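Student: My questions all concern the structure below.
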Amino acid sequence: MQSSSTPRRTFLAASIASGFPAVLSALQSAKTLKVGLVGCGGRGSGAAAQALKADDYAALTAVADIDMERAQSCLSRLKRAAGDKVQVEEQKIFLGLDAYQKLIASDVDVVLLATPPGFRPGHLRAAVEANKHVFCEKPVAVDAPGIRHVLETAKMAREKQRSVVAGFCWRYSTHIKETFAQMKNGAIGDLVAYYATYYTNPVKPMPPASERPSGMSEVEWMIRNWYNFGFLSGDGLVEQAVHSVDKIAWAMNDKPPISCVAVGGRQIPAEGGNIFDHFEVNYLYPNNVRAFLGCRQIEGCYNENSDYILGTKGAVTIGRGPNPRITGQSEWTFTGQKNDMYQAEHDALFASIRRGQPIVDVEWMTTSTMLAIMGRMAAYTGQQITWEQAMNSQDTLFPANLDWAGSFAPHPLAKPGRTKFV
């Protein structure tokens, strides 16, 4: 992906040469795109920086978060990186669980969604209903009802001609795109099996209950430690290892599996929270093709983030070495230039807006998210789960309403064999 700034300058020069009507069209294409950021944490700050870099005429005009200190820290970092493209007035810093609504109503053109995933289906719907273009971080939901809600939003985005670009960054990576292109062109023959690893340290360990400030509500405590609660994060498989799941889905042409079984549990005790710290999922696809995913978030263990893809004529290895490679009947190693895939997502989003040719990533990003949710369902219950069962599940993790000052009782820690599929 290339930055869209050079093509716009070329277009402007050509327009001046060809006459006034084209000049007018070029000036319209250079209209400032006002950007609003929902969620001012590390990923949100990064997304905003990339959005401002992606377009010469993008400006950050509003932010939304639950914490003023975090919002101001985010803006300070962005001002150092993007200078006067950060144009957020004090009254455009919105706080609270309804801050996203105020931001969407503040005359922004593009909304960046980077809050905990449980909020995402509602935030995405509100942005698209208001005719905004959206960058939507992964995953897109934490449960099947959320997935179905997002699929309805996808139809709306297409009808309204709004771009929705997903935060599944590997889809915008030059070296992974080229590797998958080699596979699609038959370099390893027919796909037989896919094994992905996502072994890492804990992302956001749950603090002890003694650290909860006096007077802080239960809901606020959970949101500030959102990763440890399934209704907010979806669990580590859905929030983190979903990147590996997305590559599996991509290799399978985004067609759903027949079923899956899984194991998982909580090895390291923690005060509060209800997520597992390890999973192993076995997906069954048509023609007895299998996909396996192992993920773990425990300190002091072997770490790896790799992909091993087996075909009838060869094998692909990604992550074990500096470049992807193919061995077998055809030998190949990626030798091109790797790009910044996080930046490429935003380059693609803003270029699509300027061209008036929307990108809607929603259908495949829901498939990838649902594939991860399905694996979690199988691990939590200890049952074999079919794709149809998963898609039609009525188990709602994220509540319809959250009171910032109130309480909420999420599902207890799952016990395979006892926890029921809903």
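The values are calculated or read from the model by the stated rules, or taken from the named source; none is laboratory data. Everything numeric here is computed off the predicted structure, so don't read it as measured data. Here the Cβ positions follow ideal geometry from the backbone for every residue, glycine too, while neighbour counts run over all protein chains shown.
Student: Out of curiosity, is A196 of a type in the set (A, V, I, L, M) and closer than 21 Å to R296 by Cβ? If you could, list the steps in order and put the result at the bottom.
Tutor: Working: of a type in the set (A, V, I, L, M): yes; closer than 21 Å to R296 by Cβ: yes.
Yes.
Student: Separate question: Taking segment 64-103, which residues are buried (at least 17 other Cβ atoms within 10 Å of the Cβ) and touching a residue at least 60 places away in the same chain (Cβ under 8 Å)?
Tutor: Scanning segment 64-103 gives I66, L97, A99, Y100, L103.
Student: For segment 53-63, give me the residue count where each residue is buried (at least 19 other Cβ atoms within 10 Å of the Cβ) and among the acidic types (D, E).
Tutor: 1
Rundown of residues vs (1) in contact with a helix residue (DSSP H, G or I) (Cβ under 8 Å, 6 or more places away or on another chain); (2) of a type in the set (K, R), yes/no style:
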position: A241; (1), (2): yes, no
position: K247; (1), (2): yes, yes
position: D254; (1), (2): yes, no
position: V261; (1), (2): yes, no
position: G264; (1), (2): yes, no
position: I268; (1), (2): no, no
position: G273; (1), (2): yes, no
position: H278; (1), (2): no, no
position: Y285; (1), (2): no, no
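Student: Among the numbered conditions (1) surrounded by 15 or more Cβ atoms within 10 Å (Cβ to Cβ); (2) assigned by TED's automatic domain parsing to the domain that holds V261, tell me where E345 comes up short.
Tutor: Of everything listed in (1) surrounded by 15 or more Cβ atoms within 10 Å (Cβ to Cβ); (2) assigned by TED's automatic domain parsing to the domain that holds V261, E345 misses just condition (2).
Student: Continuing with the same structure: Does segment 353-403 hold any residues that are closer than 19 Å to L151 by Cβ and free of Cβ contacts under 8 Å to residues at least 40 places away in the same chain, and which are they?
Tutor: Correct list: E388, Q389, A400.
Student: Given the structure, is Y194 within 19 Å of the chain's Cα centre (by Cα) and within 24 Å of G382 (Cα to Cα)?
Tutor: Details: within 19 Å of the chain's Cα centre (by Cα): no; within 24 Å of G382 (Cα to Cα): yes.
No; evaluated as a whole, the condition is false for this residue.
Student: Restricting attention to segment 152-177, report how many residues are buried (at least 17 other Cβ atoms within 10 Å of the Cβ) and either touching a Ser or Thr at 6+ places or on another chain (Cβ under 9 Å) or closer than 26 Å to R325 by Cα (or both).
Tutor: Number satisfying all stated conditions: 16.
Student: Suppose we keep only residues that are assigned to a loop (DSSP other than H, G, I, E, B) and among the charged types (D, E, K, R) within segment 269-281. Which one would you say is surrounded by the fewest Cβ atoms within 10 Å (Cβ to Cβ)?
Tutor: Initially, segment 269-281 is screened for residues assigned to a loop (DSSP other than H, G, I, E, B), giving 269-277.
With the extra rule that they be among the charged types (D, E, K, R), the set shrinks to 271, 277.
On the way: E271: 12, D277: 22.
Only one residue fits best here, namely E271.
Student: Let me ask another. Can you name every one of the helices (runs of 4 or more DSSP H) wholly within segment 330-422 that holds 2 or more residues which are among the β-branched types (V, I, T) and closer than 22 Å to S244 by Cα?
Tutor: Those helices (runs of 4 or more DSSP H) span 362-381.
Student: Right, here's the next one. Of all residues in segment 299-335 being among the hydrophobic types (A, V, I, L, M, F, W, C) and out of contact with any Pro (no Cβ under 7 Å at 6 or more places or on another chain), which is surrounded by the most Cβ atoms within 10 Å (Cβ to Cβ)?
Tutor: I309
Student: Please report, ordered by residue number, the helices (runs of 4 or more DSSP H) entirely within segment 170-268 with at least 3 residues that are in contact with a strand residue (DSSP E or B) (Cβ under 7 Å, 6 or more places away or on another chain) and in the same structural domain as C301 (by TED's automatic domain parsing). I'd like the intermediate steps shown before the answer.
Tutor: Details: elements: 174-184, 218-224, 230-233, 236-239, 242-251.
Counting at least 3 such residues, we get 174-184, 242-251.
Student: Shifting gears a bit: Just checking, how many residues over segment 107-126 are farther than 16 Å from G167 by Cα and modelled with pLDDT of 95 or more? Lay out the reasoning, then the answer.
Tutor: Step one: filter segment 107-126 for residues farther than 16 Å from G167 by Cα, giving 107-109, 122, 125-126.
Filter once more, keeping what is modelled with pLDDT of 95 or more: 108-109, 122, 125-126.
Qualifying residue count, segment 107-126: 5.
Student: To continue, here is another question. Which condition from (1) surrounded by fewer than 17 Cβ atoms within 10 Å (Cβ to Cβ); (2) farther than 21 Å from G234 by Cβ; (3) charged (D, E, K, R); (4) within 20 Å of the chain's Cα centre (by Cα) is the one that K338 breaks?
Tutor: (4)
Student: What pairs come out if I take residues in segment 260-280 that are closer than 16 Å to V245 by Cα and pair them with residues that are of a type in the set (V, I, T) and surrounded by fewer than 16 Cβ atoms within 10 Å (Cβ to Cβ) whose C-beta lies under 6 Å away, six or more apart or interchain?
Tutor: E280/V263
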